[in-house]
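What follows is one structure encoded as C-alpha cells, with my remarks underneath.
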Amino acid sequence: MIADTRTNAGIDNVATFRKLHVFEKPGQAIMGIATAGNLAVSQSVISLITEGMEHPETHERQTILDMPSMFTAAQFVGRAVREARNAIGEGMHQAEAGTFDVSMLLGGQVAKGRLRLFMIYAAGNFIEATADTPYLQIGEHKYGKPILDRSVTEATTLDEALKLGLISMDSTIRSNLGVGLPIDILTIKRDTVRLALKYRVEAAEPYFHDLRERWSAALRAAHKAIPPPPYTST
C-alpha cells in the first residue's frame, strides 16, 4: 500500500495527515488501511474500528483486530462507514460542509486465512482484488492509473509492484496539487502475518528523487525513439 499525506480544503488550506494506518496483533493478524476522501469521515471510521463497536447480538465491544477473517474485517469496516454516515453525514449535509465522501483499501492477513485486499466504498459495500484485477486504487488516480494498467499483473513481484506504485504516485504528484509528499508505504508478505516494510518517503529521500528523474529521462528517450506519424507533413 502507498498513500500520500496531503489534504486540501481549499487553495490556502493545505495540511499533512496520515492516510495509511496499520493494525497488528503479532502472530495473529496484520492489516493496513489506506483512506481517501473527506478527512473528517475517514478519521471517524478509523476511530470506530480502533476503539471498537458493539456487536449487534452479543453486545460485546469489538475492534478490527477481533475479526476472525479478512472478509469479516471488511464487513466490520463497512459497518463503521455506515455508522459514521449515521453520526455525521446528516450534519455535514445541513451545514453544507461537503459530501460524505470516503473510500478505503483494506489489506492484510489473519492467521490461518489468506492474504486479501478489499476496496470499501462510501455506502459500506466492498469488492476484492482478483487475478483479473490485481491492484486496487482510491482517491486521485487518473494520472497514475495508466502506468499500473500497463505494467501490473498477477505475476508482478512485490518489489516491482512497489517501484511501479512509486512511479504512479510520482506521476500523480506532478499533475495534481492535491497530492503531495511525504508518502507512506507498507508491504506485507504472504503467510508471515507481520509487516515486511513500513516507511515514509520524505521530499529529500534519495531513492525517490532518483526514481522520478530516471522515469522522466526514460519517457523523454522513449518519445524520441518512436518515429513520427507517417501522415505528418514534411
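From the mean inverse distance of alpha carbon pairs (Kirkwood) and the Cα radius of gyration, derive Rg over Rh for the range 142-190. Please report the intermediate quantities before stating the final value.
Values: Rg = 11.5 Å, Rh = 11.6 Å.
Result for the range 142-190 is an Rg/Rh of 0.99.
Rounded to the nearest 20, the size of the Cβ-charge dipole of the chain about its Cα centre is 620 debye, with Lys and Arg at +1 and Asp and Glu at -1. Computing FRET efficiency as 1/(1 + (r/R0)^6) for A217 and S69, where r is the C-beta to C-beta distance and R0 is 35 Å, gives about 0.15. 3J(HN,Hα) along the range 76-83, derived from phi through the Karplus expression 6.51 cos²θ - 1.76 cosθ + 1.60 where θ = phi - 60°, amounts to 5, 5, x, 5, 5, 4, 5, 4 Hz, with x in place of Gly and Pro. Among the GluC sites (Glu not before Pro) in the range 130-234, those placed in a DSSP loop whose Cβ has at most 14 other Cβ atoms within 10 Å are E154, E202. Amide H contacts for A29 (H built 1.01 Å from N in the peptide plane; partners 5 or more residues away or on another chain; cut-off under 5 Å): A111.
Among K163, K224, the ranking by other beta carbons within 10 Å of each residue's beta carbon, starting with the fewest, stands as K224, K163. Using equal-weight Cα scatterers in the Debye expression, the normalised intensity of the chain in log10 at q = 0.09, 0.11, 0.13, 0.17 Å⁻¹ is -0.43, -0.62, -0.84, -1.32. For the range 96-212, the extents of the C-alpha atoms along the principal axes are 42, 40, 26 Å, listed from largest to smallest.
What number, in nm² with one decimal, is the all-direction average of the projected area of the convex hull of the alpha-carbon atoms of the range 15-115?
Values: hull surface 28.2 nm².
Orientation-averaged projected area of the Cα hull: 7.0 nm².
Residue-wise HN-Hα couplings along the range 57-66, as the Karplus relation 6.51 cos²θ - 1.76 cosθ + 1.60 with θ = phi - 60° gives them from phi, are 9, 8, 6, 7, 7, 10, 10, 4, 7, 8 Hz; Gly and Pro carry x. The distance separating the Cα centre of the range 5-45 from that of the range 142-208 comes to 16 Å.
In summary, the lysines within cross-link reach of K25, defined as a Cα separation below 18 angstrom excluding same-chain residues under 8 places away, comprise K112, K189, K198.
Residues in the range 158-175 carry Karplus couplings, in order, of 4, 5, 5, 4, 5, 4, 5, x, 5, 4, 4, 5, 4, 4, 5, 4, 5, 10 Hz; the curve used is 6.51 cos²θ - 1.76 cosθ + 1.60 with θ = phi - 60°, and Gly or Pro positions show x. Close amide H pairs (under 5 Å, H built 1.01 Å from N) link L117 with A129, residues at least 5 positions away or on another chain.
None of the figures in this text is laboratory data; all of them are computed from the coordinates on show. All figures in this text were calculated on a predicted structure; none of them were measured in a lab. All Cβ positions, even for glycine, are placed from backbone atoms using ideal geometry, and neighbour counts span all protein chains on display.
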